[in-house]
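Participant: Let me begin by handing over the structure; questions about it come next.
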Amino acid sequence: ITCSPPGGAMSLTRLFFFHINVWLSPVSQTLLPPLPQCWWASADLQQELYHHLAAYVPRIFLGRGEGNSREEQKEELACQLLLLAPLEWLLLGEDPASGLALLQENNCPSALCGHVFKVGEPTYSCRECAADPTCVLCMQCFLESAHRQHRYRMTTSGGGGFCDCGDTEAWKNAPWCQKHARVDGHTEEVRKVFFIILKYAVDLLTWEQEDQLPAGLEPPYRADTYFCVVFNDEVHTYEQVIYTLQKAVSCSHKEALSFATAVDREGRKSVRFGDFQFCEQAKSVIVVNSASLIQRNKSRQSKPLRVQVMHSSVVAHQCFALKTLKWLGQIIKYSDGLRRILCQVGLQQGPEGENSSLVDRLMLNDSRMWKGARNIYHQLLMNSVLMDLKFKKIFAIQFAKNYRSLQTDFLEDDHERVVSVTSLSVQLFTVPTVGRMLMVEENLMTTIIRTFVDHLRHRDVHGRFQFDRYTAQQAFKFGRVQSLIGDLKYVLISAPSEWSDSLRVKFLEGFDAVLDLLTCMQGMDPVVRQVGQHIEMEPEWEAAFTLQMKLTHIISMIQDWCSTDERVLIQAYRKCLSALTQCHGGLLDGEPPVSLSMAGHCVETFRYQVSQDKVSIHLPVCRLLAGLHVLLSRTEVASRFPEQLPLVGVLPLRCLVLCAQVHAGMWRRNGFSLINQIYYYHNVKCRMEMFDKDIIMLQAGASMMDPNHFLMMVLSRFELFHIFSSDFVQQNTLIEEMLHLIIMVIGERYVAGVGQVEPLEEVRREIIHQLSIRPMAHSELVKALPENGNKETGLERVIDSVALFKSPGVTGRGLYELRPESFKHFNLYFHHYSRADHSFAVSDLSRDPAVALPPPLPPPLCPLFGSLVNLLQCDVLLAVESAVLQWAMEPGGGGWTESMLQRVSQQGKAPTSSGSILALLETLQNAPHLEVHKDMITWILKVKRTSSASKKEKAERKRKAEMARLRREKIMAQMSEMQKNFINENKEMFQQSGEEMGVFPSLELTCASQVCVGPRRVGGSERRQQVICILCQEEQEVTGVGQAMVLAAFVQRSTVLSRNRHWRDPPRDRLTPTLSVATSCTPAAGRARSLCSSRYFEAVQLKEQRRQQRLRGHNSYDVENGEFLCPLCECLSNTVIPLLPHTPLPDHSADHLSLEAWLKKTSQQVESSPFSISICEMIITFSMSVYKVGLKTNPNEQDHRVPVLSWSTCAYTIQSIGENSPERASQDDCLSALTRFSSACWASVPLRTVHAHLSRLLTVLLPDPPVENAPCILHVDMFHLLVYAVLSYNSLHSTEPSGPSVDSSHVHLLHLITVAHMVQILLTSVTALKCNNLMINLECKSSSSHSTKSVVLPDVSSGWQLLHRLKVGLLPFLRAAALFFHYLNSSVPPTDLMGECSSAGWEVLCSYLSLPSNLLLLYQSETRCLCRYRWCHHPALKHTLQGGGDFIRFPRESNRLIDLPEDYSVLINQASSFTCPRSGGDKSRAPTLCLVCGAMLCSQSYCCQVEFFPSMNCHLTVVEGFEGSSSPSPVWGIPWQTDPSRLY
């Protein structure tokens, strides 16, 4: 072998080839692959290469590695060394390792980043520099770019796009980041190799024969082996596929689940391997079963699963074809020259002519491929063709030429758009030069619209779209065809700054196509008012509005394009007006016109009544004309069409009259479909191109008509003409709506082109009126404002000028409030207000209904709309106003309403109002039945008279006001001087009064008086506990007798404080400091009587039993395990805690027992129960709940561990939040009830059992008598010991719950256990080298301390250091003890304990616990010294400290969640790059991060569902708590919402 690597490298290669061939071939023959140099010597390189592939590919990809990781690794190695490595030698002519490294070293990288986004990967778009919202950066480029300091938007990618860094057309500024630069060439041999490989891949991926291979690839030996291959579709569900596969191939559920996951992920999967008959049998079963399942479920499509029986060699070559495409994508990354050669090879047309290039073949056969093949070749296109503008344009031309056929294939397919080649349109059409080139050369705009219209085939007799006949399958295709509208948006997203003649021509051709589309929408879905009988079936309306919303931004973009060129604008306006005239050309044909006369004016109009004739809310052509008319307002071109525009200008009156009649209740029998249409007509998503444009069109028509004629037509359409011209019964609601419409036509001038305003004035006005309703968060304001084509609202530019931001308070979110100076811009008749919004805004701005809300001064009108002001002085409007005011003169008349009067008053503010109107207003000013409106009428008259007021009267009023101000200032100065003189004259009296006030006792408790433990404690026992049952709403006092009151709670096992989560079996006494597994309690908000609670749970059980026969969904609770939802807060609960009364206060006059006297009384016990039967039953109920959860066993009331579990639950729950403040509002009820229950749990067990527990606990603390097997001090958690000892002692003295004996015992137990904990800290906080000396030192000095009364501490560098170490170590214990005694004795903690611990806080805490601030004083007792001596002489202590066992160091290190990055996008990027290890490296669709251990898992997929639950408890903690489990998250042993800041 002449060209082999030198030395032993080749021998290793030959040895590997030997083993590979032995593995591949059943016969023992070794087949070394021919060398690439031999291939170059051949006359036909393709034939040689195909011969090699034909020999090796079927033997490598035989399918034996499926499900076997070892076999899969062998296949990968064989493929790399026998197939891909020779190709690399052939391509480079040398060792690939060195050749690729040299190629990469000499490479000049592309200016484009080209990073292909994964699903869920963060993308960044600069809101200041991006050409459109589709221009995005990857995270790496964004962090290295100047856009990081700009206003930007971060989103997550849906997959398939790539980074636009380096694309100069995508960015207005800073197109490159700091790490990208510019690109050059390669050889003819590379071109030949690329062509052979790419042609091989294309031939195999587009191959349709199941039993034959392309010429040259037939294997030397043809085996009778086939695969039964199942293909993916978007019709069948996971469950259906699993069920079908189990029936067809007789596999287990787990195997079928694996098959279904692979089919969904890769697009196809072989489910059976064998001869043809064997596989054909499985195919027939799959087809029959899948078809029957679809028919049974009545899906939108009834086709069965696609299944093929394919020869094993065909499947093998297709698998290798995918690997070659991946390999090509990796190779071209080493050199930009290789990438350009591959682009040339792929886009070069073949001898067949049109659409014969390899890329064309892939593109045109896209819908016939499976999902995995599509994804791979799409990614190759993005890494190659789309990375260079030259080749991108060539590919875009071919894409545009085949656009119609590609979209047709996509519509016939059922896969999502993201895996279709049509999704690449966003990468092509959003490039401005490419989009305009395609518009000019390929007439792309017209092609897209024509293709879209062709697929909407259902029309009525007038050629309008008709959606009510759609079947489910047609509705599904309609949802897919809407993607074409997105492509049109990409083409129009960037308006040109310069126009060419060809661009004008093609754009106007596309505009004609748009008019054809809008003409088909003009008047679609007409409705007729139902009279007499309610409509039987709701008509389809959603499809039409969906189409309208999709076209909203398209129409806005078309208007933006027209606004940049006057010639285009004029031509578009003419075309639109002509199209609208043709749509309604027969308005005057047929019936003769109707003549209307009023106030001396006459007008002829056609007969039309909304309440009787057909009316449609869809008028897109008319609204497009309104938008173009606004653009032409400066050029006044629209004035050239005076005869047509007024006629069609009143067409929107139909929609507005329809809305008014719906509000008046005239269309109730037409059902909810019409109500929904009216809602969306005014909704922010549609109103910009519907309601707003209708108002503008009416303004345009009114400005070009005689105002009297316009108002008479308005009265005619509202069917109110005869009401104002003669005596008819009034329709009050319609009159109100008509008057409101007139106000809007005259006053709405905040659109640039209608009024002389800046573009942001409209946004500012919207924000003012939204904040007038109520203070809003930023997200609420964004949703309330319309977005433009770039998804911008303009909010950030004006919000600071009109609103103030209030920081988050109790609500947890910041709110914007309107600035006081912005209230003057409030308009009572803002046209975007609904009735509810209007009511809220008026009530918020004017608490007094008599206070007038004057309108703001409107901006001046543009010249084209200047004649609108003539409406205010026309005779018809004055006649209408006079009629309404005349009706208001009659107090008992029903022909007017207050709202009607307000609207007339609003119009009566015109400066040219006639004298008769003013006279009527003066008469109404003093009318007693109009007292509410007196302020408004007075204000109107005042405005009228202001112009006639003389300057002398104004000056006189100003002079009087100034004199009054000076008089007030003089009087205030005199009073201040007299006050100072009085104080100076009586200085001694004021000093004496201050001293007397200082000796008065303070009503507030001092820190020294606030003690929670011992005979001096104070508490809240004098407070009566009144509780309201949430079920029966009766109030009851919490006492020890009578019916029990209970609190719903959830008891669960928890490891939140454990350092070893894999320890599953808790210790017998649960006193070990490891706290491996314990029981915690989480409260709910519901408190009820025990009887009511029992009945509620029985009702829940009965309800669940009735659901057995129904289709059961996922419940958040398990009734069989005693779970239920709290009836108040709906928190998960599984038990109830009895509420017990406060502990009585001690007798402060009694003597305090010494430690020695207390020890003598520990043997006393009294057996009696102070509780009623009901309370005892609830105590037993909760005790058994804790017992069952803690031990995972059936309840047993006789078990001696029952009180221990109750005490442990109390201690653990308190300890889990011991680092926080004692005042926990959300935990107060739970901890109080739990602590008092634990002190009374002896009622459920014999007292001798409690006595045995107390005796065992005292052996840990007391020196005498010595007991065998007593635990070492290092093996005991002192807080648990404190809780156990205090509660067990209370149980033995139940008849004396408070007194010298009990309170003294609490103090002595706390002191003893505190000393023991101090010894724990001293023993565990020194280094291992000092352990021996410290232990001996403590032994000796403790024994000699009987006489010296002193303690010698270990050698440390500083005594202050040791004292600080003691305080830090004791602080968690003391805080937990303070919580415990606070809830046990109902004592109020000092306010100083609420903050961080300081020196003052330490003293307050010690005082609160009846401890000396210098804790070393506790050592002065001989009994305590004897205890220390006994503790230090324990036989297990020395062994443990010398490394003979594990022990916990104090202070115990708290479990914390993992550290999260400061930048949230880093976490998103990490999640997007996560691949599931159980799904063959597949991208996770819903990754979940465990906040305890940092592991990443799939949260909503089958792959990780079974695996992680048995393995790691921390995953249960996070995934169950955050991903919708019925169990609340036990992250801190408390509800998640208690303290979210603890997460970080």
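Participant: Of these, 126, 138, which one is farther than 22 Å from residue 379 by Cα, within 32 Å of the chain's Cα centre (by Cα) and open to solvent by less than 20 Å² (accessible area, probe 1.4 Å)?
Facilitator: Numbers: 138 fails: farther than 22 Å from residue 379 by Cα.
Being farther than 22 Å from residue 379 by Cα, within 32 Å of the chain's Cα centre (by Cα) and open to solvent by less than 20 Å² (accessible area, probe 1.4 Å) holds for just one of 126, 138, which is 126.
Participant: Still on this structure, please answer the following. One residue is enough: does region 509-518 have a residue meeting the conditions touching a Phe, Trp or Tyr at 6+ places or on another chain (Cβ under 6 Å) and open to solvent by 20 Å² or more (accessible area, probe 1.4 Å)? Show your work before the answer.
Facilitator: Quick first cut of region 509-518, residues touching a Phe, Trp or Tyr at 6+ places or on another chain (Cβ under 6 Å) only: none.
Looking through region 509-518, none of the residues is touching a Phe, Trp or Tyr at 6+ places or on another chain (Cβ under 6 Å) and open to solvent by 20 Å² or more (accessible area, probe 1.4 Å).
Participant: Among the residues of region 302-315, is there at least one that is within 30 Å of residue 219 (Cβ to Cβ) and either among the aromatic types (Phe, Trp, Tyr) or open to solvent by 50 Å² or more (accessible area, probe 1.4 Å) (or both)? It would help to see each step written out before you state the result.
Facilitator: Initial filter on region 302-315 (within 30 Å of residue 219 (Cβ to Cβ)): 305-315.
Restricting the remaining residues to those that are either among the aromatic types (Phe, Trp, Tyr) or open to solvent by 50 Å² or more (accessible area, probe 1.4 Å) (or both) gives 306.
Yes, because at least one residue in region 302-315 is within 30 Å of residue 219 (Cβ to Cβ) and either among the aromatic types (Phe, Trp, Tyr) or open to solvent by 50 Å² or more (accessible area, probe 1.4 Å) (or both).
Participant: Which residues, counting only those in region 249-258, are under 14 Å from residue 285 (Cβ atoms) and either open to solvent by 10 Å² or more (accessible area, probe 1.4 Å) or among the charged types (D, E, K, R) (or both)?
Facilitator: 249, 250, 251
Participant: Additional query: Which residue pairs have Cβ atoms closer than 8 Å, lie 6 or more positions apart in sequence or on different chains, and pair a first residue in region 565-578 that is farther than 17 Å from residue 503 by Cβ with a second residue that is surrounded by fewer than 19 Cβ atoms within 10 Å (Cβ to Cβ)?
Facilitator: Short answer, once both residue conditions are applied: 573/637; 577/641; 577/644.
Participant: Going through region 268-288 one residue at a time, which ones are open to solvent by less than 20 Å² (accessible area, probe 1.4 Å) and either of a type in the set (A, V, I, L, M) or in a loop (DSSP other than H, G, I, E, B) (or both)?
Facilitator: Within region 268-288, 271, 282, 286 qualify.
Participant: Moving on to the next point. Evaluate the following for residue 386: is it out of contact with any Cys (no Cβ under 8 Å at 6 or more places or on another chain), of a type in the set (A, V, I, L, M, F, W, C), surrounded by 19 or more Cβ atoms within 10 Å (Cβ to Cβ) and at pLDDT below 90? Write out each step before concluding.
Facilitator: Details: out of contact with any Cys (no Cβ under 8 Å at 6 or more places or on another chain): yes; of a type in the set (A, V, I, L, M, F, W, C): yes; surrounded by 19 or more Cβ atoms within 10 Å (Cβ to Cβ): yes; at pLDDT below 90: yes.
Yes: the conditions hold for residue 386.
Participant: What residue, of 651, 647, is assigned to a loop (DSSP other than H, G, I, E, B), of a type in the set (A, V, I, L, M, F, W, C) and at pLDDT below 90? Let's see the steps before the verdict.
Facilitator: Values: 647 fails: assigned to a loop (DSSP other than H, G, I, E, B).
Checking each option against the conditions leaves just 651.
Participant: Another question, if that's okay. Those residues that are under 25 Å from residue 659 (Cα atoms) and not in a loop (DSSP other than H, G, I, E, B), I need them from region 508-532; list them, please.
Facilitator: As a first pass, look at region 508-532 and keep what is under 25 Å from residue 659 (Cα atoms): 518-532.
Those that are under 25 Å from residue 659 (Cα atoms) and not in a loop (DSSP other than H, G, I, E, B): 518, 519, 520, 521, 527.
Participant: Does residue 974 satisfy being polar (S, T, N, Q), at pLDDT 65 or above and open to solvent by less than 70 Å² (accessible area, probe 1.4 Å)? Explain how you work it out, then say what you get.
Facilitator: Numbers: polar (S, T, N, Q): yes; at pLDDT 65 or above: yes; open to solvent by less than 70 Å² (accessible area, probe 1.4 Å): no.
No, not satisfied.
Participant: Among the residues of region 196-208, is there at least one that is modelled with pLDDT under 90, open to solvent by 10 Å² or more (accessible area, probe 1.4 Å), in contact with a helix residue (DSSP H, G or I) (Cβ under 9 Å, 6 or more places away or on another chain) and not in a loop (DSSP other than H, G, I, E, B)?
Facilitator: No, because not a single residue in region 196-208 is modelled with pLDDT under 90, open to solvent by 10 Å² or more (accessible area, probe 1.4 Å), in contact with a helix residue (DSSP H, G or I) (Cβ under 9 Å, 6 or more places away or on another chain) and not in a loop (DSSP other than H, G, I, E, B).
Participant: Quick check on region 552-567. Is at least one of its residues farther than 30 Å from residue 871 by Cα, in a loop (DSSP other than H, G, I, E, B) and not basic (Lys, Arg)?
Facilitator: yes
Participant: Cβ-Cβ below 6 Å, separation at least six or inter-chain, first residue in region 131-146 and more than 20 Å from residue 495 (Cβ to Cβ) and modelled with pLDDT of 80 or more, second part of a helix (DSSP H, G or I) and of a type outside the set (Gly, Ala, Ser): which pairs?
Facilitator: Qualifying pairs under 6 Å: 139/1469.
Participant: What pairs come out if I take residues in region 689-710 that are of a type in the set (Phe, Trp, Tyr) and pair them with residues that are part of a helix (DSSP H, G or I) and surrounded by fewer than 24 Cβ atoms within 10 Å (Cβ to Cβ) whose C-beta lies under 7 Å away, six or more apart or interchain?
Facilitator: 691/681; 691/682; 710/701
Participant: At pLDDT 90 or above, more than 24 Å from residue 581 (Cβ to Cβ) and of a type in the set (Val, Ile, Thr): which single residue out of 735, 678 fits that description?
Facilitator: That would be 678, the only listed residue that is at pLDDT 90 or above, more than 24 Å from residue 581 (Cβ to Cβ) and of a type in the set (Val, Ile, Thr).
Quick grid of which residues meet (1) more than 25 Å from residue 1143 (Cβ to Cβ); (2) in contact with a Phe, Trp or Tyr (Cβ under 7 Å, 6 or more places away or on another chain); (3) open to solvent by less than 10 Å² (accessible area, probe 1.4 Å); (4) modelled with pLDDT of 75 or more:
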site: 1192; (1), (2), (3), (4): yes, no, no, yes
site: 1200; (1), (2), (3), (4): yes, no, no, no
site: 1215; (1), (2), (3), (4): no, yes, no, yes
site: 1220; (1), (2), (3), (4): no, no, no, no
site: 1236; (1), (2), (3), (4): no, no, no, yes
site: 1239; (1), (2), (3), (4): no, no, no, yes
site: 1242; (1), (2), (3), (4): no, no, no, no
site: 1246; (1), (2), (3), (4): no, no, no, no
site: 1250; (1), (2), (3), (4): no, yes, yes, no
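Participant: Among the strands (runs of 3 or more DSSP E) lying completely within region 1031-1119, list those that include at least 3 residues that are within 35 Å of the chain's Cα centre (by Cα) and either at pLDDT 80 or above or surrounded by 21 or more Cβ atoms within 10 Å (Cβ to Cβ) (or both). Give the steps one after another, and end with the answer.
Facilitator: On the way: elements: 1035-1037, 1045-1054, 1078-1089.
Because the criterion is at least 3 residues that are within 35 Å of the chain's Cα centre (by Cα) and either at pLDDT 80 or above or surrounded by 21 or more Cβ atoms within 10 Å (Cβ to Cβ) (or both), the strands (runs of 3 or more DSSP E) in region 1031-1119 that meet it are 1045-1054, 1078-1089.
Participant: Only one of (1) at pLDDT 80 or above; (2) more than 22 Å from residue 325 (Cβ to Cβ); (3) open to solvent by 30 Å² or more (accessible area, probe 1.4 Å); (4) outside any loop (DSSP other than H, G, I, E, B) fails for residue 70. Which number is that?
Facilitator: Unmet condition: (1).
Participant: When you check residue 293 against the structure, is it part of a helix (DSSP H, G or I), of a type in the set (A, V, I, L, M, F, W, C) and buried (at least 21 other Cβ atoms within 10 Å of the Cβ), yes or no? Give the derivation first.
Facilitator: Numbers: part of a helix (DSSP H, G or I): yes; of a type in the set (A, V, I, L, M, F, W, C): yes; buried (at least 21 other Cβ atoms within 10 Å of the Cβ): no.
Judged against the criteria, residue 293 is not a match.
Participant: I need the full set of residues from region 220-267 which are among the β-branched types (Val, Ile, Thr), within 29 Å of residue 412 (Cβ to Cβ) and not in a loop (DSSP other than H, G, I, E, B), in order please. Outline the logic, then answer.
Facilitator: Looking only at region 220-267, we keep the residues that are among the β-branched types (Val, Ile, Thr), and these are 225, 229-230, 235, 237, 241-242, 244, 249, 261, 263.
From what's left, within 29 Å of residue 412 (Cβ to Cβ): 229-230, 235, 237, 241-242, 244, 261, 263.
Within region 220-267, 229, 230, 241, 242, 244, 261, 263 meet the criteria.
The values are calculated or read from the model by the stated rules, or taken from the named source; none is laboratory data. Please read these numbers as outputs of a predicted model, since none were measured by experiment. All Cβ positions, even for glycine, are placed from backbone atoms using ideal geometry, and neighbour counts span all protein chains on display. To get the accessible areas, we keep the full protein, side chains included, count just its heavy atoms, and leave off ligands, DNA and RNA. Shrake-Rupley method; radii C 1.70, N 1.55, O 1.52, S 1.80 Å.
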